[in-house]
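What follows is one structure encoded as structure tokens, with my remarks underneath.
The values are calculated or read from the model by the stated rules, or taken from the named source; none is laboratory data. Since we're looking at a predicted model, the values are computed, not measured. As a convention, Cβ positions derive from the backbone with ideal geometry for all residues, glycine included, and neighbour counts pool all protein chains shown. Side chains included, ligands, DNA and RNA excluded: accessible areas come from the protein's heavy atoms. Shrake-Rupley method; radii C 1.70, N 1.55, O 1.52, S 1.80 Å.
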Amino acid sequence: MPKDVGFRVMKEAVDAGVEEIGFYNTGDPFVSTDLEAFVEQANRLGYKYIYVTTNGALATPDRAKKVIDAGLDSIKFSINAGSRETYKTVHGKDDWDAVVAHLEWISEYRKTLDRPFYIAVSYVQTRLTES
């Protein structure tokens with residue numbers, strides 16, 4: 001989404017009383033090279049809670065730090081697997097090591113922050129992943 005369109009929609013929403021904003025889609029919010037700008041703008045507009053949901057593959061330390069430092073309040077990793085094998089089955093590719101490394105880095109970085117920052121991991125049990 002172009003920044004000008006996104007910023008306008010964000011302003012209209014906050015003016016209408018919306019207090020929280022989440023950045024996610026059927027792909028991944030980290031695909032956007034402007035993600036930190038959107039988070040920063042949400043902060044300027046006064047959103048009380050700003051979050052992203054990611055599969056984690058693109059949430060590299062460099063990108064994650066910029067987005068967190070822009071004012072992100074929480075991040076949810078949709079890992080949806082408990083092992084490399086089930087991850088590959090669910091996601092269709094093997095990003096297991098990268099995702100786990102990114103989650104671990106963010107968990108460590110959170111310890112340096114002087115504000116609350118929430119990390120969540122989701123897991124959707126299916127017949128493919130129940131074991």
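Details
- Quarter the surface of the alpha carbon convex hull of region 1-52 and you get the mean projected area, 3.3 square nanometres.
- From most to least packed by mean Cβ count within 10 Å, the peptides 111-122, 95-106 give 95-106, 111-122.
- Per residue, in Å², the accessible surface of region 28-131 once ligands and nucleic acids are set aside, probe 1.4 Å: 54 Å²
- The chain: translational diffusion in µm²/s, Stokes-Einstein, Kirkwood Rh over Cα pairs, 37 °C, 0.692 mPa s: 212 µm²/s
- Of K93, K48, K66, the one that fluctuates the most in a GNM where the chain has Cα springs shorter than 10 Å: K93
- Region 15-26 - phi-based ³J(HN,Hα) in whole Hz, Karplus 6.51/-1.76/1.60, Gly and Pro as x: 5, 7, x, 5, 10, 10, 9, x, 10, 5, 7, 6
- Peptides 68-80, 26-38, 9-21, ordered by how many other C-beta atoms sit within 10 Å of their residues on average, highest first, read 68-80, 26-38, 9-21.
- Measuring nothing but protein heavy atoms, the accessible surface of region 1-91 at 1.4 Å probe radius is 52 percent carbon and sulfur.
- All other residues whose Cβ lies under 9 angstrom from that of A57 are scored, Lys and Arg at +1 and Asp and Glu at -1, for a net of -1.
- Ellipticity estimate at 222 nm from DSSP helix runs (n ≥ 4, -39,500 (n - 2.57)) divided over the chain, nearest 500: -13000 deg cm²/dmol
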